Amino acid sequence: IKDVETGEYYAANRNYENLPFEKFECRVGLGYQKVISEYKGMRAEFTTLVPVSGNVVQFNVKIAETGEKRRRLKLYFYAQPKTENGGHEAYAQADYDKTLNGIYYDTTGYKLETEYIKTYFAADRAADSYAVTKNAFKGLYNDYAHPAGVENEKLCSKGSTFEEAYAGAFGYDKCVTAAKKFANAAEFARQLRLQKEKIGQSIGVFLADSPDKYVNSVANIWLKRQLSLGKDWGRLYGRGFRDVMQDTS
């Protein structure tokens, strides 16, 4: 978040400079996480959600002024997605796509080992400027606490090819369809509700009631989550009879 008049900026969900935030908390849910911060009359809520379906991660950002002073602000959103899935960095390219309201990454090449070679980073509104690489946003010698792109008036708004570290800052086939579905506030709210409903069903199967509230929290919530993740992700690598028995036990 950047104050246009004073030039001051800060990372609302990271606080790299250890600024005296009035509030800074992280709420870790099952399938989602929310970071809340308040600083100099500004409140920011940043929620990350893994939907119950779809090859996406959704982000929801809410910014509100809590003080009496009105300010001109610029909001920057930065992420560094894993875009290189084909083993050939030289085939990669990225640029802003108006159809997506975001950045489109393509690693089309010869005899790639996977079909997942196209990635997108989309928003529900058009960006004023953008950057598609880490160095274009951060700068060659700057760090994330002092990104050159934020210190400048605008991001460079240039595409790039042959990069090792693509990024998305604001910043065709199945990407367009998925972006139009997932990159909006209503769909985010729907997916969050579905995630909570799915988790609620698993939690209600068995509920421990001990005198220790921390034991109850671990047994009723986090242990079930750990078992579920272990079953889903662990079976990608281990599919033997012993692994199945560990799941059922």
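The values are calculated or read from the model by the stated rules, or taken from the named source; none is laboratory data. Keep in mind that this is a model prediction, so the values were computed, not measured. Neighbour counts are summed over all protein chains in view; Cβ atoms, including those assigned to glycine, are modelled from backbone coordinates with ideal geometry. The area values use the complete protein model at the heavy-atom level, side chains included, leaving out ligands, DNA and RNA. Shrake-Rupley method; radii C 1.70, N 1.55, O 1.52, S 1.80 Å.
Summary table
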{"read-out": "Selection from the range 107-125 of residues that are open to solvent by 70 Å² or more (accessible area, probe 1.4 Å) and out of contact with any helix residue (DSSP H, G or I) (no Cβ under 7 Å at 6 or more places or on another chain)", "value": "Tyr110, Lys111, Glu113, Glu115, Tyr116, Arg125"}
{"read-out": "Any pair with Cβ under 9 angstrom, 6 or more apart, that starts in the range 70-84 at a residue that is under 19 Å from Tyr105 (Cβ atoms) and ends at one that is among the hydroxyl-bearing types (Ser, Thr, Tyr) and in a loop (DSSP other than H, G, I, E, B)", "value": "Tyr78/Tyr144; Thr83/Thr107; Glu84/Thr107"}
{"read-out": "Set Gln201, Gln195, Gln191: member being open to solvent by 90 Å² or more (accessible area, probe 1.4 Å) and either at pLDDT 80 or above or farther than 18 Å from Val52 by Cβ (or both)", "value": "Gln201"}
{"read-out": "Number of the condition not met by Phe59 [criteria: (1) modelled with pLDDT of 90 or more; (2) closer than 28 Å to Thr108 by Cα; (3) assigned to a loop (DSSP other than H, G, I, E, B)]", "value": "(3)"}
{"read-out": "The range 149-173, subset more than 10 Å from Tyr130 (Cα to Cα) and of a type in the set (Ser, Thr, Tyr), residue most open to solvent (accessible area, probe 1.4 Å)", "value": "Tyr172"}
{"read-out": "The range 85-106: number of residues that are open to solvent by 60 Å² or more (accessible area, probe 1.4 Å) and either modelled with pLDDT of 90 or more or within 17 Å of Cys156 (Cα to Cα) (or both)", "value": "3"}
{"read-out": "Residues (of a type in the set (D, E, K, R) and open to solvent by 70 Å² or more (accessible area, probe 1.4 Å)) located in the range 1-22", "value": "Glu5, Arg14, Glu17, Glu22"}
